[in-house]
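Input: a single structure, listed below in structure tokens.
The values are calculated or read from the model by the stated rules, or taken from the named source; none is laboratory data. Please read these numbers as outputs of a predicted model, since none were measured by experiment. Reconstructed Cβ throughout: ideal geometry from the backbone, glycine too, with neighbour counts over all protein chains shown. Surface accessibility is based on the protein's heavy atoms, side chains included, excluding ligands, DNA and RNA. Shrake-Rupley method; radii C 1.70, N 1.55, O 1.52, S 1.80 Å.
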Amino acid sequence: MIPFEYRRAGTVEDAVAAVADRPEAVFLAGGTNLVDHMKLGVAAPSLLVDIGHLPLNEITELPDGGLRIGAGVRNTDLAVHPLVRSRFPALSRALLSGASGQLRNLATTGGNLLQRTRCVYFQDVTTPCNKREPGSGCAAIGGYVRYHAVLGASEHCVAVHPSDMAVAMSALDAKVVVTGGNGESRIPLTEFHRLPGDRPELDTVLTHGQLITAVELPAPPTGARSTYRKVRDRASYAFALVSVAAELTRTENGKIASARVAFGGVAHKPWRAREAEAVLQGSPVTEETFEAAAESELAQAKPLEGNEFKVELARRTLVATLRSLTEPTTGEQVHS
């Protein structure tokens, strides 16, 4: 057993100071990802600073109709919250599709955003992995890549981000509230996670000692419909091959007034589909529009030998998701 110290933080400031002072210290919340990595030998922190008892577990309504979600809010509590279900159904669906009830009851909002890739080579310490050990190489390239990236990858890493919740939050223009030595700041979720480039070991833009304290969601536009669709190898709590979170509003004459779209399972971070959004904005609600949006976004895809199918799967999933949001019989809720 690798020894480590444990400390329970009394305040956010205490937690931040404790981790900032120790290069190998980490925050501990639900532990559903960190503890697994410690067991596998992927992570070996010298100090665990427990933030699970800090007052970060509230969901509060903001003056504009948005929500502030404490970083310690459990995934189950967030998924079933009445305001989340009524105003942000894409987020509720993403959370419910992400894990079993046992895991959702323990996993936290902040921890969900920070979970690391489930790449089999990252989790196997006998194989080279630039994310786990910078400069060692990437065993996935030329290996088993069914679950790996087709967008935004690099020669150093082709892993994908595993979170369903983060994909929905990306499409909903969430902001991550962070506390560090210089006080509180807000980071758009679309800028929070990094593409691998030549530093795949860095998952986010956080610096050591910064702590997520909340996530803020702006109010959805009037008349918005949103949903989350996940395609996976088995129905029960597998990671996404491809997922899509989308929110649409329509004009009085039936055209698309606004569109926000994000992909999961295709990149090192939740992939905000800006090209697709540009095609959808102001366009008629037709199958041709949906196909054009998908083609525009996926033109930049660079699949690996063994996961070429994900490009077509992503196209079909996006088209099906958009169709479900524009059919009059859809069961998605409308924010008014």
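Within segment 244-263, no residue satisfies the criterion of being surrounded by 22 or more Cβ atoms within 10 Å (Cβ to Cβ) and out of contact with any strand residue (DSSP E or B) (no Cβ under 9 Å at 6 or more places or on another chain).
Applying the selection to segment 74-98, what residues are open to solvent by 20 Å² or more (accessible area, probe 1.4 Å) and closer than 21 Å to residue 232 by Cβ? Spell out the reasoning first.
Pass one, segment 74-98, residues open to solvent by 20 Å² or more (accessible area, probe 1.4 Å): 74, 76-77, 80-83, 85-87, 93, 96, 98.
Scanning segment 74-98 gives 76, 93, 96, 98.
For segment 21-67, name all the residues that are surrounded by 15 or more Cβ atoms within 10 Å (Cβ to Cβ) and β-branched (Val, Ile, Thr). Residues satisfying the conditions are 26, 32, 42, 49, 51, 59. The condition (being of a type outside the set (S, T, N, Q), open to solvent by 50 Å² or more (accessible area, probe 1.4 Å) and within 26 Å of residue 313 (Cα to Cα)) is satisfied by just one residue among 202, 241, 189, 195: 195.
In segment 225-256, of all residues being farther than 19 Å from residue 86 by Cβ and of a type in the set (A, V, I, L, M), the one that is farthest from the chain's Cα centre (by Cα) corresponds to 256.
If you go through segment 153-186 and keep only what is of a type in the set (Gly, Ala, Ser), open to solvent by less than 20 Å² (accessible area, probe 1.4 Å) and farther than 13 Å from residue 215 by Cβ, you end up with 159, 171, 180. For segment 99-127, the set of residues classified as surrounded by fewer than 15 Cβ atoms within 10 Å (Cβ to Cβ) and not in a helix (DSSP H, G or I) consists of 100, 105, 125, 126, listed by residue number.
Taking residue 261, is it of a type in the set (A, V, I, L, M, F, W, C) and in contact (Cβ under 8 Å) with a residue 40 or more places away in the chain? Spelling it out, residue 261 is indeed of a type in the set (A, V, I, L, M, F, W, C) and in contact (Cβ under 8 Å) with a residue 40 or more places away in the chain.
Annotation: of all residues in segment 80-106 being over 19 Å from residue 270 (Cα atoms) and small (Gly, Ala, Ser), the one that is farthest from the chain's Cα centre (by Cα) is 86. Counting the residues of segment 148-168 that are part of a loop (DSSP other than H, G, I, E, B) and touching an Asp or Glu at 6+ places or on another chain (Cβ under 9 Å) gives 5.
Among the residues of segment 50-69, some residue qualifies, meaning at least one is out of contact with any Cys (no Cβ under 8 Å at 6 or more places or on another chain), under 30 Å from residue 246 (Cα atoms) and small (Gly, Ala, Ser).
Screening the candidates 293, 278 for the property of being open to solvent by less than 40 Å² (accessible area, probe 1.4 Å) and more than 21 Å from the chain's Cα centre (by Cα) yields one hit, 293. Only residues in segment 292-317 that are touching a residue at least 12 places away in the same chain (Cβ under 8 Å) and assigned to a loop (DSSP other than H, G, I, E, B) count as the first member; pair them with residues that are open to solvent by 40 Å² or more (accessible area, probe 1.4 Å) and basic (Lys, Arg), Cβ under 9 angstrom, at least 6 apart or cross-chain, and list the lot. Here the result reads 306/146; 307/146, each pair linking segment 292-317 to a residue that is open to solvent by 40 Å² or more (accessible area, probe 1.4 Å) and basic (Lys, Arg).
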